[in-house]
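Q: Can you read through this structure? Questions will come right after.
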Amino acid sequence: MTATNPFQRYDETDDRQFYGQPRLVNHIDEAALRATTHLYAEYLPAGGNILDLMSSWVSHLPTNIHYGRVAGLGMNEVELKANPQLTEYLVQNLNQIPSLCYGDNTFDGGMVTVSVQYLTQPVIVYRELARVLRPGSPFLTVFSNRMFPTKAVAIWQSLDDLGHQQLVRSYYEQTGLFDQLEVLDRSPGGWSDPLFAVVGWVKNEPGSTDDSYGIRSISN
């Protein structure tokens, strides 16, 4: 690992090799998962169309709130197909293709759950998020201190919890497209995993593009 590229990783092989094996497990403990679900209940609009970025086999959305479209974008199709809360999914490696295929102003809110540490082009991705979210929509980045060290970017591994909060906030700020930024500590305490979040609201409206493509619907 060198200091020349803060988004370098120990393992720079094709991500499809690493994520090709389904991992139907939780990556934070139960108390932190409950705190995550409470965050989503608090910030994501009921009945809205939701984008679950870097999704897997569970979205951690509250089960007592109805959402409209819940679109999952992730790396493993087996995991995405197993997710009961998704209405559709798309397999995509954001480190290879950081653009999002969804149309402008498509979603009413969204989140990325304990995966932001793996993005190698985060500002491009967050700029795209501002495009596909409607003006005034919230996007939550939820993270802890767990990671796959071979795939987490160098700058993430060099920082502590406070540094992670500042880094993630900077992703929103560098786009110039979010405001009302909140940095939250929702750690359950005790022996539980810590839990942090950054929330930003889209403040301006990009232009329009064609509707989404390559998305697979899930029949429940």
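Q: Restricting the search to the range 39-56, which residues are open to solvent by 10 Å² or more (accessible area, probe 1.4 Å), touching a Lys or Arg at 6+ places or on another chain (Cβ under 8 Å) and within 19 Å of Ser115 (Cβ to Cβ)?
A: Of everything in the range 39-56, just one residue is open to solvent by 10 Å² or more (accessible area, probe 1.4 Å), touching a Lys or Arg at 6+ places or on another chain (Cβ under 8 Å) and within 19 Å of Ser115 (Cβ to Cβ), namely Ser56.
Q: Within the range 10-63, how many residues are touching a strand residue (DSSP E or B) at 6+ places or on another chain (Cβ under 8 Å), at pLDDT below 95 and aromatic (Phe, Trp, Tyr)?
A: Residues meeting the conditions: 0.
Q: Do you know which of the residues in the range 183-220 that are among the hydroxyl-bearing types (Ser, Thr, Tyr) and over 30 Å from Gly103 (Cβ atoms) is modelled with the lowest pLDDT? First the steps, then the outcome.
A: At the first step, the residues of the range 183-220 found to be among the hydroxyl-bearing types (Ser, Thr, Tyr) are 187, 192, 208-209, 212-213, 217, 219.
Subsequent filtering for residues that are over 30 Å from Gly103 (Cβ atoms) retains 187, 192.
Numbers: Ser187: 94, Ser192: 85.
So the residue we want is Ser192.
Q: What are the residue pairs meeting all of these: first residue in the range 101-125, first residue on the phi < 0 side of the Ramachandran plot, second residue assigned to a helix (DSSP H, G or I) and at pLDDT below 95, Cβ atoms under 7 Å, and 6 or more apart or on different chains?
A: Within 7 Å, the pairs are Gln117/Trp156.
Q: List the helices (runs of 4 or more DSSP H) inside the range 48-158, counting only whole elements, that have at least 2 residues being within 25 Å of Asp185 (Cα to Cα).
A: Working: elements: 77-81, 122-132, 154-157.
Counting at least 2 such residues, we get 122-132, 154-157.
Q: In the range 110-132, is there at least one residue being touching an Asp or Glu at 6+ places or on another chain (Cβ under 6 Å), modelled with pLDDT of 95 or more, closer than 14 Å to Asn204 by Cβ and open to solvent by less than 10 Å² (accessible area, probe 1.4 Å)?
A: no
Q: Among the residues of the range 86-93, is any under 21 Å from Thr36 (Cα atoms), within 13 Å of the chain's Cα centre (by Cα), surrounded by 23 or more Cβ atoms within 10 Å (Cβ to Cβ) and not acidic (Asp, Glu)?
A: Among the residues of the range 86-93, not one is under 21 Å from Thr36 (Cα atoms), within 13 Å of the chain's Cα centre (by Cα), surrounded by 23 or more Cβ atoms within 10 Å (Cβ to Cβ) and not acidic (Asp, Glu), which makes the answer no.
Q: Now a separate question. Which members of the range 160-198 meet the condition of being surrounded by 14 or more Cβ atoms within 10 Å (Cβ to Cβ), more than 15 Å from the chain's Cα centre (by Cα), of a type outside the set (D, E, K, R) and part of a loop (DSSP other than H, G, I, E, B)?
A: Across the range 160-198, the qualifying residues are Leu177, Ser187, Pro188, Ser192, Pro194.
The values are calculated or read from the model by the stated rules, or taken from the named source; none is laboratory data. Keep in mind that this is a model prediction, so the values were computed, not measured. All Cβ positions, even for glycine, are placed from backbone atoms using ideal geometry, and neighbour counts span all protein chains on display. Heads up: the accessible areas ignore ligands, DNA and RNA and are worked out on the full protein's heavy atoms, side chains in. Shrake-Rupley method; radii C 1.70, N 1.55, O 1.52, S 1.80 Å.
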